[in-house]
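Reviewing the structure listed below.
The values are calculated or read from the model by the stated rules, or taken from the named source; none is laboratory data. Fair warning: this is a prediction, and the values are worked out from it, not measured in the lab. For neighbour counting, all protein chains shown are included, and Cβ atoms are generated from backbone atoms with ideal geometry for every residue, glycine included. These accessible areas exclude ligands, DNA and RNA; they are computed on the full protein's heavy atoms, side chains included. Shrake-Rupley method; radii C 1.70, N 1.55, O 1.52, S 1.80 Å.
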Amino acid sequence: MASIKDVAAEAGVSVATVSRVLNSHPSVSPDARTRVLAAVDALGYRPNAVARSLRTDQTRTLGLVISDVLNPYFTELARFVEEEARALGYSVIIGNADERPELQDHHVRTLLDRRIDGLLVSPADGDSPLMADVARGGTPMVFVDRWMPGVDVPVVRADGRRAIRDLVAHLHALGHRRLAIIAGPAATTTGNERVEAFREALRAYELTLPEVYIGQGDFQADSGRRVTERFLALPEPPEVVFAADNLMALGALDAIRAAGLRVPQDVGLAAFDDIPWFVHTDPPITAIAQPTGELGRAAVRALVDIVEGRSPQSVTLPARLVVRRSCGEPASDQRSSL
């Protein structure tokens with residue numbers, strides 16, 4: 001592998017001149033710059049990224065801490081984050097919090113030790129002193145999907161309230177009145193927001209959300225299964241179960257089938273966070289889709305803006321209802337609400 005000394009010898013200049021060219025220093029003559037760049041191409045020289053970071057105080061690396069890498073929504077989000085970062089000249093190191101606040105904080109500390117230029121986080125908990133300290137310390141940071149109240153950094157997220165209203169209107173039109181929700185963790189902003197939006201949407205139809213129709217989940221499949229088993233054991237079980245994320249919806253589907261019941265004939269099922277698998281279940285699952293690609297790209301652009309000295313605003317994008325056949329819809333009624 002060629003060294004910086006090899007480039008200098010090939011170009012007929014000093015090592016210092018090569019260094020100035022590689023760091024875009026204005027004092028180099030056009031002729032010397034041309035010869036150095038030609039030598040770099042001819043020799044296939046690649047500057048040492050660590051050494052360069054020590055000189056420029058930048059690593060061109062971003063950190064991404066996601067809540068659960070096994071959740072297809074976050075897997076897809078990470079993919080779009082990596083693609084956009086690469087297009088802007090940055091690499092991404094990913095940490096999986098597995099919905100555990102202590103693991104989330106471990107990844108954040110590790111990434112900061114590696115001198116990342118900026119940090120994208122989808123918080124696993126709504127109250128992390130470390131995250132507040134990172135924000136106050138000046139590390140460029142953006143929250144994506146979830147956020148922490150009181151931590152003053154840009155947030156890139158989807159607003160699911162209108163889509164939840166559309167879902168409740170859709171279920172009401174199908175004749176359903178007993179609607180239950182498997183909620184996400186109360187310590188997360190999305191967990192709270194989706195329950196409140198569901199409750200508010202029900203009020204518009206003079207429907208209530210009894211406490212027995214609220215099940216506390218953790219955004220993972222086992223909790224969806226356990227909560228649905230409890231719903232089905234009620235003297236008056238719900239007509240539709242709305243899971244506040246895709247993995248809990250899959251757990252709910254397992255519980256319904258294990259009980260010898262059918263979707264949607266015996267109980268309907270809907271989910272927040274659409275995933276490609278939902279079109280392949282029997283029946284296909286009605287779901288609320290977030291604009292995952294747009295969220296990932298917007299989050300990276302916001303973070304790079306901070307890293308490069310600009311001041312981005314928070315971004316809120318709309319989610320949308322995707323109607324399929326898991327709530328008793330006619331076979332022809334598969335559509336996407338805008």
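The table for this structure:
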item	result
Pick from the range 8-27, criterion at pLDDT 80 or above and closer than 22 Å to GLN58 by Cα, ranking: least open to solvent (accessible area, probe 1.4 Å)	VAL18
Unmet criterion (only one of (1) of a type outside the set (Lys, Arg); (2) free of Cβ contacts under 8 Å to residues at least 60 places away in the same chain; (3) farther than 18 Å from CYS327 by Cβ; (4) in a loop (DSSP other than H, G, I, E, B)) for ASP222	(4)
Sole exception among (1) open to solvent by less than 40 Å² (accessible area, probe 1.4 Å); (2) in a loop (DSSP other than H, G, I, E, B); (3) of a type outside the set (D, E, K, R); (4) at pLDDT 95 or above for LEU261, by number	(1)
Top-ranked residue of the range 253-283 - restricted to ones that are in contact (Cβ under 8 Å) with a residue 40 or more places away in the chain and of a type in the set (A, V, I, L, M), ranked as farthest from VAL323 (Cα to Cα)	VAL263
Restricting the range 84-103 to residues that are touching a residue at least 12 places away in the same chain (Cβ under 8 Å) and open to solvent by 60 Å² or more (accessible area, probe 1.4 Å), the residue that is nearest to the chain's Cα centre (by Cα)	ILE94
Single match in HIS106, HIS170 (criterion: buried (at least 18 other Cβ atoms within 10 Å of the Cβ) and either out of contact with any Pro (no Cβ under 8 Å at 6 or more places or on another chain) or at pLDDT 95 or above (or both))	HIS170
Residues of the range 131-183 that turn out to be assigned to a helix (DSSP H, G or I) and hydrophobic (A, V, I, L, M, F, W, C), as a count	11
Residues satisfying the stated conditions in the range 207-257, i.e. of a type in the set (Gly, Ala, Ser) and open to solvent by 50 Å² or more (accessible area, probe 1.4 Å)	ALA233
